[in-house]
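Only the coordinates and a few stated rules stand behind these numbers; no lab work does. Predicted model, so just to flag it, every value in this text is computed and none were measured. No Cβ is skipped: glycine too gets one built from the backbone with ideal geometry, and neighbour counts run over all protein chains shown.
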Amino acid sequence: FFKETVDKGLIDGVRVRYIPGNAPELVMFDLTGQEKERINLEKMTVTDIRGMLASHGFAERASRVEL
């Protein structure tokens with residue numbers, strides 16, 4: 001059972017899909033849709049993840065929604 005893809009709109013170009021029972025990981029794709037990189041997020045904090053995404057060129061939207 002897979003939940004629908006969720007886009008909270010917090011970071012441009014990032015979609016979140018929750019898969020119950022799986023460790024959290026970031027899967028990055030190139031412009032052709034081919035998997036480029038897979039990063040385990042299990043031991044990372046939210047701050048670590050934001051910094052890592054910024055280092056890969058992703059930008060937070062100016063008006064964030066606090067969850």
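Using the Cβ atoms and a cut-off under 11 Å, what net charge is assigned to the surroundings of Met44, where Lys and Arg are +1 and Asp and Glu are -1? Write out the running numbers ahead of the final one.
Details: positive: Lys43, Arg50; negative: Glu25, Glu42, Asp48.
Counting the neighbours of Met44, the net charge comes to -1.
Quick check: residue separation of Leu26 and Ala59 times 0.36 nm, minus the Cα distance between them. What number comes out in nm?
On the way: separation 33, 0.36 × 33 = 11.88 nm, distance 1.56 nm.
My answer for the length gained is 10.3 nm.
Using 0.36 nm per residue, how much length does the chain from Ile39 to Leu10 gain when fully extended, once their Cα-Cα distance is taken away? Before the final figure, lay out the partial values.
Details: separation 29, 0.36 × 29 = 10.44 nm, distance 1.93 nm.
Length gained, Ile39 through Leu10: 8.5 nm.
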